[in-house]
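Asks: First the structure, then my questions, so here it is.
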Amino acid sequence: MRTLIKDVRVFDGERAIPRADVLIENDQVAEWDGGRTDAEIDGSGGTLLPGLIDAHTHVSDGMLAQALAFGVTTELDMFCLPSNLARQRRLAADRDDVADLRSSGVLATAPGGHPSQIMAAEAAGLEHLGDAVGPFDTIADAGEAEAFVEARLAEGADYLKIVIDDGSTAGLDLPVLSPGVVAALVEAGHAAGLMAVAHIATAREAAIALDAGVDALTHVFHDLGPEDPYVAELAARIATQGVFVVSTLSYIEVITGGEGGAEVLQDERIVSRLPEGTAGTARRDPGAVPVHPRGLVNAFGATRALHTAGAAVVAGTDANFLAPPHGVSMHRELALLTEAGLTCEEALAAATAVPARLFALHDRGRIAPGLRADLLLVDGDPTRDITATRALREVWRRGVRQSRA
Ligand SMILES: [Zn+2]
């Protein structure tokens, strides 16, 4: 099968190309040779982009399909229980009408630590999620680190997720891993070939993660006001250590009730593709979720400082079974990244080529011959108006054009 997309503006994951013809040959992008085609698509007035990569989600039934419907072709799950993960993985491997998946499997947290309190607080409303919620392995001391990592490898984990969060941003006092346990986990993960990604909420927790030698932070630290001089200092340290940061601004916005949180769910370009019932999930009860009440303003400040310092910022939403919603939220995240100082092209790269490189997904994230044809075609030019990513015309996963039904 050879499909030619003609006369299209291209954002190739790194830069914009004003006009090109792009050939999809079976499941890959191929060099256009002027030969025969099975189908041709007029791309004029539109922009072709690599499929979006959401670098922080929690997958459950139906969500990989929803993600793909909104142009997210790969989700990087950051906590998934074993039976649910096995099922979602099979789905992503067998079918072309759902997003692809990588996962940490079960995250590392202290007994009773985050996110156990969310499971407990919201348990009553979660029965319908089946094996997506329930009891999970925790870790109490450094001597258990190797066994913990081995159990994750047995689940097929692609990286190790470590939670450092005492809940203080929300006035909670949760059990939390000691710096010694965090360091032992990072060491055991690295020895097993796994990258270490630390969930943090505060600057102090970020510093513990940096001391332990993590590769990435997920959530920007958001306990300090933008005027606090330590924000720039910490951002510079993160950049110097070569640690990248997964933004999750849309999550912080949803939890803190930011007025803009519902904006994307009211955008006509999104509403027309939204499965019934999704709109109601825009808000959550913030009581059990450790996010600082002024988190969004602070997170903008931290993101701006990280970007200025030269640290890699990667787009992630923390989409989960409550809110923010899968797929949809990536379009909000891109807009928020531009509000935090990234150019449109930088925000798009943060959702395509940059996460592909940092998570070693070498077969995707850019538009180039030989790479997977995970693509979206949108109306307009998202390198000038970031919200144009919402005007989806076509989505392909592994070269398979998705139906609009
Ligand atoms: Zn998360």
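The values are calculated or read from the model by the stated rules, or taken from the named source; none is laboratory data. Predicted model, so just to flag it, every value in this text is computed and none were measured. Heads up, the Cβs are rebuilt from the backbone with ideal geometry, glycines too, and the neighbour counts pull from every protein chain shown. Accessible surface areas use protein heavy atoms only, side chains included; no ligands, DNA or RNA. Shrake-Rupley method; radii C 1.70, N 1.55, O 1.52, S 1.80 Å.
Asks: Test of understanding: among Val245, Val186, Val182, which residue is in contact with a strand residue (DSSP E or B) (Cβ under 8 Å, 6 or more places away or on another chain), within 16 Å of the ligand (Cβ to nearest atom) and β-branched (Val, Ile, Thr)?
Replies: Every option except Val245 fails the conditions.
Listed here are the residues, each with its yes/no results for (1) more than 16 Å from the ligand (Cβ to nearest atom); (2) among the acidic types (Asp, Glu); (3) open to solvent by 10 Å² or more (accessible area, probe 1.4 Å).
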site: Gly171; (1), (2), (3): yes, no, yes
site: Leu174; (1), (2), (3): no, no, yes
site: Arg204; (1), (2), (3): yes, no, yes
site: Ala212; (1), (2), (3): yes, no, yes
site: Ala216; (1), (2), (3): no, no, no
site: Asp223; (1), (2), (3): yes, yes, yes
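Asks: Which is in contact with a His (Cβ under 8 Å, 6 or more places away or on another chain) and either assigned to a loop (DSSP other than H, G, I, E, B) or of a type in the set (Asp, Glu) (or both), of Gly370, Gly365, Gly341?
Replies: Among Gly370, Gly365, Gly341, only Gly341 is in contact with a His (Cβ under 8 Å, 6 or more places away or on another chain) and either assigned to a loop (DSSP other than H, G, I, E, B) or of a type in the set (Asp, Glu) (or both).
Asks: Restricting attention to region 111-125, report how many residues are open to solvent by 10 Å² or more (accessible area, probe 1.4 Å) and in a loop (DSSP other than H, G, I, E, B). First the steps, then the outcome.
Replies: To start, the set of residues in region 111-125 that are open to solvent by 10 Å² or more (accessible area, probe 1.4 Å) comprises 111-112, 114-125.
Of the ones still in play, those that are also in a loop (DSSP other than H, G, I, E, B) are 111-112, 114-115.
Residues in region 111-125 being open to solvent by 10 Å² or more (accessible area, probe 1.4 Å) and in a loop (DSSP other than H, G, I, E, B): 4 in total.
Asks: Any chance region 21-38 includes a residue that's within 19 Å of Leu274 (Cα to Cα), of a type outside the set (A, V, I, L, M), away from the ligand (no atom under 16 Å from the Cβ) and touching a residue at least 24 places away in the same chain (Cβ under 8 Å)? First the steps, then the outcome.
Replies: The initial filter retains those residues of region 21-38 that are within 19 Å of Leu274 (Cα to Cα), namely none.
No, region 21-38 contains no residue that is within 19 Å of Leu274 (Cα to Cα), of a type outside the set (A, V, I, L, M), away from the ligand (no atom under 16 Å from the Cβ) and touching a residue at least 24 places away in the same chain (Cβ under 8 Å).
Asks: Which residues, counting only those in region 25-51, are within 16 Å of Gly365 (Cβ to Cβ) and open to solvent by less than 60 Å² (accessible area, probe 1.4 Å)?
Replies: Val29, Leu48, Leu49, Pro50, Gly51
Asks: Among the residues of region 178-191, are any crowded, with 23+ Cβ neighbours inside 10 Å, small (Gly, Ala, Ser) and under 25 Å from Ala347 (Cα atoms)?
Replies: no
Asks: Would you please name the residue that is modelled with the lowest pLDDT, looking only at residues in region 64-82 that are open to solvent by less than 10 Å² (accessible area, probe 1.4 Å) and within 12 Å of the ligand (Cβ to nearest atom)?
Replies: Cys80
Asks: While we're on this one: Checking Arg102 against (1) within 16 Å of the ligand (Cβ to nearest atom); (2) at pLDDT 95 or above; (3) open to solvent by 10 Å² or more (accessible area, probe 1.4 Å); (4) part of a helix (DSSP H, G or I), which test does it fail?
Replies: (4)
Asks: In addition: Find all pairs meeting these conditions: Cβ atoms under 8 angstrom apart; at least six residues apart or on different chains; first residue within region 74-101 and farther than 15 Å from Leu52 by Cα; second residue within 15 Å of the ligand (Cβ to nearest atom) and in a helix (DSSP H, G or I).
Replies: Qualifying pairs under 8 Å: Cys80/Ala132; Leu81/Ala132; Asn84/Ala132.
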